[in-house]
1. Answer rounded, prolate or oblate for the range 28-119, using the Cα gyration tensor with square roots of eigenvalues a ≥ b ≥ c: rounded when a/c is under 1.5, else prolate when a/b is larger than b/c, else oblate.
2. Mean Kyte-Doolittle hydropathy of -1.0 or higher plus an axial Cα length of 30 Å or more: which whole DSSP H helices in the chain meet both?
3. Using +1 at the Cβ of each Lys and Arg and -1 at the Cβ of each Asp and Glu in the chain, identify which of Pro149, Pro123, Pro5 lies farthest towards the dipole's positive end.
4. Using the basic label-point model (7 angstrom from Cα toward the beta carbon), what is the Trp16 to Glu44 distance in nanometres?
5. Suppose every K and R has +1 on its Cβ and every D and E has -1 on its Cβ; what is the size of the dipole of the chain about the Cα centre, in Debye to the nearest 20?
6. Report the extension gain between Leu89 and Leu6 in nm, rounded to one decimal, defined as 0.36 nm multiplied by the number of residues separating them, less their alpha carbon distance.
7. Can you pull the Kirkwood radius for the range 19-81, inverse mean 1/r over Cα pairs, to one decimal in Å?
8. Quick check: residue separation of Leu58 and Gln76 times 0.36 nm, minus the Cα distance between them. What number comes out in nm?
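We did not get these values from a lab; they are worked out from the coordinates using the rules stated. Only a predicted model underlies this, so the values are computations on that prediction, with no experimental measurement involved. Backbone-built Cβ (ideal geometry, glycine too); neighbour counts: all protein chains shown.
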Amino acid sequence: MLLSPLRRSWEAWSRWRRRRPFSGGLLMILAGVEMVAVAGLPVELMVHLGVGSVSTLLFAGMLVVLGLITWCTPNQHVITGSLAGFVALGALVLSNLGGLVIGTLLALVGGGLAFAWRPVARPPRRKRGRRGKGGAAKTRRARETVPLPPYEP
């Protein structure tokens, strides 16, 4: 009884996670965080260092936003996955080898997972209520196939 709210919240979390490209979005967010962590410089110093440092913040921010968009709007998984791949390749060139290559690899794998994700169909709902008289016989008859009349040219 005490664990039922916890169980319900865990089931809701699992349902939410299964209906979207969760692992792809997570890897994109981790790639952005890793790129910023490798740079590890104060913002004032990054501005003085120039394009290489500021681009690290831009690419990392784009990857985090793409990961969040992938989670929040799973219908856009093709766009966000392909954009994450392009951003990862741009980060490889322009921002400290894309977080020492680790961030680029995380972003490429996350973008690939998001791009390749396919939604799973929901299971059909059960009909509620009681069946009337002969309900089982009616459904059995509805499932039977009716033979077609012979073809006459």
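1. Note, shape of the range 28-119 comes out prolate.
2. Within the chain the helices that satisfy the rule are 51-72.
3. Checked the options; the winner is Pro149.
4. Distance between the two pseudo-spin positions: 3.9 nm.
5. 2180 debye
6. Once the chain is fully extended between Leu89 and Leu6, it gains 25.7 nm.
7. 12.2 Å
8. 4.4 nm
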